[in-house]
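S.K.: Encoded as structure tokens, here's the structure I'll be asking about.
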Amino acid sequence: MSFIEIKHLKLIDTIEKVGTLKKAADKLYLTQSALSHQLKELEMRLETRIFHRVKNKLVFTPSGKELRDASKEILERIEMLEHKIHEINEDNIKDYIHGYSDEETIRLNDQASSISEILHWDSKWEEGSLVLEAGCGVGSQTKIIAAMNSGTSFVSVDFSSSSIEKAKIAIKKENIGNVRFHCADIFELPFEDGYFDHIFVCFVLEHLTRPTDALKELKRVLRTNGTITIIEGDHGSTYFYPDSKNARKAVQAQVILQEKKGGNANIGRELYPILDNAGFTGIKVSPRQVYVDDSKPELLEGFIKNTFTAMIRGISEEVLAHGIIERNELDSGIEDLYGTSNGGGTFCYTFFKAKANKA
């Protein structure tokens with residue numbers, strides 16, 4: 001018995017829209033040879049020709065026309081179903097620690113811009129390469145790395161369709177033209193094996209219940225000798241002056257909350273063993289320390305107030321609802337964190353950046 005798969009329906013629908021195999025391959029994130037193989041496979045299963053080639057264009061046969069019309073209808077129904085499921089999932093993750101509110105979008109952008117030189121001075125890839133950014137969120141990191149690598153092409157994916165829309169707006173506002181966006185699940189990416197030259201992941205693994213599995217899937221779509229770059233934070237690296245017991249409790253409250261959600265706010269220190277367990281080689285991890293005192297006024301505002309303390313304040317209702325911390329302790333802790341930027345204080349936090357290869 002012959003079976004028609006969704007990939008075959010997408011192939012037919014895409015060729016109908018763009019007219020050539022080359023354009024269809026680009027649209028579907030496949031090589032032209034892989035797409036041609038899928039077409040031959042489908043024709044063998046159906047025991048009929050689907051296209052005729054007329055002056056370098058593909059023209060549907062009668063059987064192909066029937067398949068084309070059916071494909072369009074089926075894919076429209078699948079798209080509606082996927083949209084409903086995404087809406088349900090996004091409703092379930094609106095309280096995600098790095099959420100999707102307008103306030104959170106502003107905070108993430110403040111974080112990205114305030115420490116971009118510390119994190120991204122070496123986020124560079126060769127011209128002409130194809131880079132997958134996995135978990136792009138609202139595009140706060142996308143607009144930095146894409147602008148730094150104007151000769152490089154990026155495919156930026158995220159599970160949240162609403163975040164993708166915000167990322168598109170951010171990129172368009174910056175007049176950046178080397179990024180394509182795609183809604184996708186990091187555990188089941190819609191790309192063929194070895195499709196990308198490089199992969200970039202920033203502040204994503206900390207939220208995942210199965211980070212090693214995610215890395216194995218990313219490794220699958222990375223070409224041999226390709227590289228992966230990962231940046232993660234580590235809340236356990238936080239220290240400040242004046243010291244405050246309640247401020248330390250407030251920071252730890254987020255660590256506990258993220259653990260309850262299946263994540264790991266201290267994952268930065270674990271990047272080497274996680275990459276090693278996923279089968280990557282040539283792993284190198286470098287700490288990227290953010291140290292702030294009165295001599296760095298741009299970080300007093302951009303990092304202490306608008307990034308780190310804003311993040312702790314943003315989870316207030318959740319940690320209180322879970323009984324992780326008392327309100328008076330949390331309020332006092334947040335006030336003391338803000339106080340480290342009011343003159344005479346210091347603040348330190350360490351991010352970790354890892355680079356590795358696929359052998």
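S.K.: State whether one or more residues within segment 222-230 are in a loop (DSSP other than H, G, I, E, B) and buried (at least 19 other Cβ atoms within 10 Å of the Cβ).
M.R.: no
S.K.: Hey, does segment 309-317 have a residue that's modelled with pLDDT under 95, over 22 Å from residue 113 (Cα atoms) and out of contact with any helix residue (DSSP H, G or I) (no Cβ under 8 Å at 6 or more places or on another chain)?
M.R.: There is at least one residue in segment 309-317 that is modelled with pLDDT under 95, over 22 Å from residue 113 (Cα atoms) and out of contact with any helix residue (DSSP H, G or I) (no Cβ under 8 Å at 6 or more places or on another chain).
S.K.: A follow-up question, please. For segment 195-216, does any single residue satisfy the condition of being polar (S, T, N, Q), surrounded by 15 or more Cβ atoms within 10 Å (Cβ to Cβ) and in a loop (DSSP other than H, G, I, E, B)?
M.R.: no
S.K.: Quick test of your reading of the structure: residue 359 fulfils all but one of (1) in a strand (DSSP E or B); (2) farther than 24 Å from residue 241 by Cα; (3) open to solvent by 60 Å² or more (accessible area, probe 1.4 Å). Name the failing condition by number.
M.R.: (1)
S.K.: Here's another thing I want to ask about it. Looking only at segment 283-300, decide whether some residue is over 30 Å from residue 131 (Cβ atoms), out of contact with any strand residue (DSSP E or B) (no Cβ under 7 Å at 6 or more places or on another chain) and hydrophobic (A, V, I, L, M, F, W, C).
M.R.: no
S.K.: Follow-up question, since we're still on this one. Inside segment 296-336, can you point out the residues that are more than 30 Å from residue 121 (Cα to Cα), open to solvent by 80 Å² or more (accessible area, probe 1.4 Å) and in a helix (DSSP H, G or I)?
M.R.: 317, 321, 327, 328, 335, listed by residue number.
S.K.: Tell me which residues, restricted to segment 253-295, are under 30 Å from residue 305 (Cβ atoms) and in a strand (DSSP E or B).
M.R.: 285, 286, 287, 288, 289, 290, 291, 292
S.K.: Kindly list, by first and then second residue, each pair from a residue in segment 35-51 that is open to solvent by 50 Å² or more (accessible area, probe 1.4 Å) and hydrophobic (A, V, I, L, M, F, W, C) to a residue that is at pLDDT 85 or above and in a helix (DSSP H, G or I), limited to pairs with Cβ atoms under 9 Å and residues at least 6 apart or on different chains.
M.R.: 46/63; 46/67
S.K.: A follow-up question, please. Please verify whether residue 306 is in contact with an Asp or Glu (Cβ under 7 Å, 6 or more places away or on another chain) and modelled with pLDDT under 95, treating the condition exactly as stated.
M.R.: So residue 306 fits the description; yes.
S.K.: What is the residue count in segment 342-356 for residues that are of a type outside the set (Phe, Trp, Tyr) and open to solvent by 10 Å² or more (accessible area, probe 1.4 Å)?
M.R.: 6
S.K.: Quick one: in segment 258-295, which of the residues that are open to solvent by 80 Å² or more (accessible area, probe 1.4 Å) and among the basic types (Lys, Arg) is nearest to residue 218 (Cα to Cα)?
M.R.: Among them, the one singled out is 284.
S.K.: Given the structure, is residue 155 more than 21 Å from residue 233 (Cβ to Cβ), modelled with pLDDT of 95 or more and open to solvent by less than 10 Å² (accessible area, probe 1.4 Å)?
M.R.: yes
S.K.: Let me ask you something else. Please give the number of the condition residue 234 fails out of (1) within 20 Å of residue 333 (Cα to Cα); (2) open to solvent by 40 Å² or more (accessible area, probe 1.4 Å); (3) in contact with a Lys or Arg (Cβ under 7 Å, 6 or more places away or on another chain).
M.R.: (2)
S.K.: When you scan segment 11-34, how many residues do you find that are touching a helix residue (DSSP H, G or I) at 6+ places or on another chain (Cβ under 7 Å) and either more than 21 Å from residue 222 (Cβ to Cβ) or open to solvent by 20 Å² or more (accessible area, probe 1.4 Å) (or both)?
M.R.: 14
S.K.: How many of the residues in segment 12-34 are within 26 Å of the chain's Cα centre (by Cα) and within 17 Å of residue 68 (Cβ to Cβ)?
M.R.: Result for segment 12-34: 5.
S.K.: Applying the selection to segment 337-356, what residues are out of contact with any helix residue (DSSP H, G or I) (no Cβ under 6 Å at 6 or more places or on another chain) and in a helix (DSSP H, G or I)?
M.R.: Within segment 337-356, just 339 meets the criteria.
The values are calculated or read from the model by the stated rules, or taken from the named source; none is laboratory data. Just so it is clear, the structure is predicted and the values come from calculations on it, not from any experiment. We place every Cβ from the backbone using ideal geometry, glycine too, and count neighbours over all the protein chains shown. Remember, those area values only see protein heavy atoms, side chains included, never the ligands or the DNA or RNA. Shrake-Rupley method; radii C 1.70, N 1.55, O 1.52, S 1.80 Å.
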